[in-house]
1. In nm, what is the difference between 0.36 nm times the number of residues separating B:E32 and B:E452 and their Cα-Cα distance?
2. If you fit an axis through the alpha-carbon atoms of helix A:233-242 and take the longest principal axis of the Cα set of chain A, what angle between them do you get, 0 to 90°, nearest 10?
3. For the B and A pair, go ahead and give the buried accessible area with a 1.4 Å probe, both sides summed, in Å² to 100.
4. If one takes the longest principal axis of the Cα atoms in chain A, at what angle in degrees, from 0 to 90 and to the nearest 10, does the Cα axis of helix A:181-194 lie?
5. Computed FRET efficiency, Cβ-Cβ of A:N24 and B:E243, R0 51 Å: what is it to the nearest 0.05?
6. When we measure straight from the Cα of B:K277, which lysines land under 19 angstrom away, once same-chain ones fewer than 8 places off are left out?
7. To test your reading of the geometry: what angle, between 0 and 90 degrees and rounded to tens, separates the Cα axis of helix A:151-165 from the longest principal axis of chain A?
8. Got a sec? Which residues in segment B:287-318 would a label at B:T168 touch, if it sits 7 Å along Cα→Cβ and we count backbone N under 16 Å?
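The values are calculated or read from the model by the stated rules, or taken from the named source; none is laboratory data. As the structure is a computational prediction, the values presented were derived from the model and not from experiment. Here Cβ is always computed from backbone atoms with ideal geometry, including for glycine, and neighbour counts include all displayed protein chains. Note: accessible area is taken over every heavy atom of the protein model, side chains too, but ligands, DNA and RNA are not part of it. Shrake-Rupley method; radii C 1.70, N 1.55, O 1.52, S 1.80 Å.
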Amino acid sequence: MAPLLEIKDLHASVGDKEILKGINLTVNAGEVHAIMGPNGSGKSTLAQVIAGHPAYTVTGGEIRYLDQDLTDMDPEERAQAGVFLAFQYPVEIPGVTNAYFLRSAYNEIRKARGLEEVDPIDFVDLLEEKLKVVEWGPDIMQRAVNSGFSGGEKKRNEILQMAVLEPKLALLDETDSGLDIDALRIVANGVNALKRPDNAYVVVTHYQRLLNHIVPDFVHVLADGQIVKSGGKELALELESKGYEWLTGVAEATAS
Amino acid sequence: MSESVETLVNREYKWGFVTDIEADTLPPGLNEDVIRAISAKKQEPAFLLEWRLKAYRGWLKMTEPHWPNVQYPSIDYQKIVYYSAPRTQKPLGSLDEVDPKIRETYDKLGIPLTEQKILSGVAVDAVFDSVSVGTTYKKHLAEMGIIFCSFSEAVREHPELVQKYLGTVVPGSDNFFAALNSAVFSDGSFVYVPKGVRCPMDLSTYFRINAQNTGQFERTLIIADEGASVSYLEGCTAPRRDENQLHAAVVELVALEGATIKYSTVQNWYAGDEDGKGGIYNFVTKRGKCAGPRAKISWTQVETGSAITWKYPSVILQGDDSVGEFYSVAVVNGRQQADTGTKMVHLGRNTRSTIVSKGISAGAGQNSYRGLVKVMPRADGARNYTQCDSMLIGNRCGAHTFPYIDVQNRTAAVEHEASTSKIGEDQIFYLKQRGLNTENAISMIVNGFCKEVFRELPMEFAVEAQKLLGISLEGSVG
């Protein structure tokens, strides 16, 4: 079976500045991959590029997802194909209820897959189950999307969206940043509850602490736009005690 | 992204077609003879001709105002045609006698003129160029004493009401364009709701400019007698033409003691092409008077069309405890310019007014909110709340705000809130990442922004407004 995600020698830039400098990464269904690395190493960029953020230009290499070339697809086509990005900074959409927003997204994705749209009443039933994943009551659905949400609520809302949209490939971009212990637990439990043999997670994080809750199968260290080290979950612990410096040194050596 | 955006920008204005119909048209130009000719064609009583001529003589001494924040070449008023009517126009015995071509036009616009086909339960008056071509549900309304007809018919059938109220809210000398309208207005709608009657259905006028080089000068007068209530809707479209056309309408609302008038507009005149060629100059005077205690007038407008919009639907709060409201969404895209807002003049005690204005600017559009809240010395306990929000899409557009507050009573409370936001690439990307395309993403953000105004619109209108907004803004991000 083809891997879920296969990235080969990926280069990407913002304007003239190259940020990703030859990334290779293979993710199979059922796996959890953690991408770690110092600030500015390109972790978030990698997630955004996979999702198709227009600020980045892919200048080389390829991103294959279920044997499709993602780089040719619009962001919405990628989403419809099952790629989900949990944002580091979820945007606010004043005046649009969470319920309406989520139902629209859900139906757009269903439409793209040739399925019938779900009406508001059936959608409420579906939501009831999904809200449990993030330990929320129905009231949250009547609030405007992320408007006036606390940092923790915004991240929980991302996980709720993920629960509803049931992606095959979920990219979590620093979902742990700015979370207190309780919110971190809720977010992590949500992710664990949604893990299935046919989906995969790429978790971008700066800190080890999230990985105590979401246990990765693989850990990759990104430095200066390249993966400089890959290993199992124990690598994360090693990074926690040793920091990134010993690896960024390696990156510089490789580059020269 | 930008390629699909380009094709969307250049999408056709789908109401831009022309109906080929023989018209009875006066030669271009304006003088007293033209006014006499219009008045004679409409077989008007002497008082109305006199009223027109007085307004015309006043107009001659006025100069075109240039204080709005809009730019356009000066208008040659001698090149405009002041009267054009479909040739077949005769007093209609029934709607079945409406010229089939005109009926077709309205069908194409989605405005059915046959009563039995109307499912929405909205009574419609249709104004084609200068004249009303048909009013639906008239008989049904007449049974309740409600008069809903063209202005010309009101002049013939109910001259006493016309004479009593015409010009009482917007006098013939009010301003340059109102004076011009008073001199040459050819038709419009007239509504009278008698004491204590609640009009059972929404009344609606659909304005259509068809003929070339023709100005449209309609005049609408709505009177809600004591304790009466009525909800009135107007919609407007025009063909796509390279020349600018002038639309200088006047709307007067009179709400007597305890009466309520709700006036909703969805304005979608042709806006001109992407280079700013053509389009309607929408220079309109709209004003309501809460003449008695506890009267209420509420304006809701969704302005998406016109090359230039220049209008300030206002309320004079004369009666004690009367209420004025203004809810507005104004959208400019391409090279459109809008200078719009409201005036709330508090004369009576404990009068309250609410202003909610949402300005959306895209393309190279320029959008100005201009509002006046005036509290006069006698208006003890007057209150106003104003919320004025602007949204920018792209880097070439502009949003401007000119709020004027003039309070002459110490017990008054006036609040003003304002915000400016920008639809960013990140917002759109967020929604696209959830599976929505660019169009739907923008439409969702903008509709959320306008929500407080849309919920004031009657149901069918709200749906139409949301669709229009989507079309007006298609491709505005790129």
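1. On the way: separation 420, 0.36 × 420 = 151.20 nm, distance 4.64 nm.
Here the answer is 146.6 nm.
2. Helix A:233-242 sits at roughly 60 degrees to that axis.
3. On the way: alone 19230 and 11980 Å², together 29130 Å².
Summed over both sides, the interface buries about 2100 Å².
4. 80
5. Working: r = 62 Å, r/R0 = 1.22.
Efficiency computed from Cβ-Cβ geometry: 0.25.
6. Of all the lysines, those that pass the test against B:K277 - Cα under 19 Å, at least 8 places apart if same chain - are B:K14, B:K79.
7. Once rounded, the angle reads 80 degrees.
8. Residues passing the 16 Å test: B:287-297, B:316-318.
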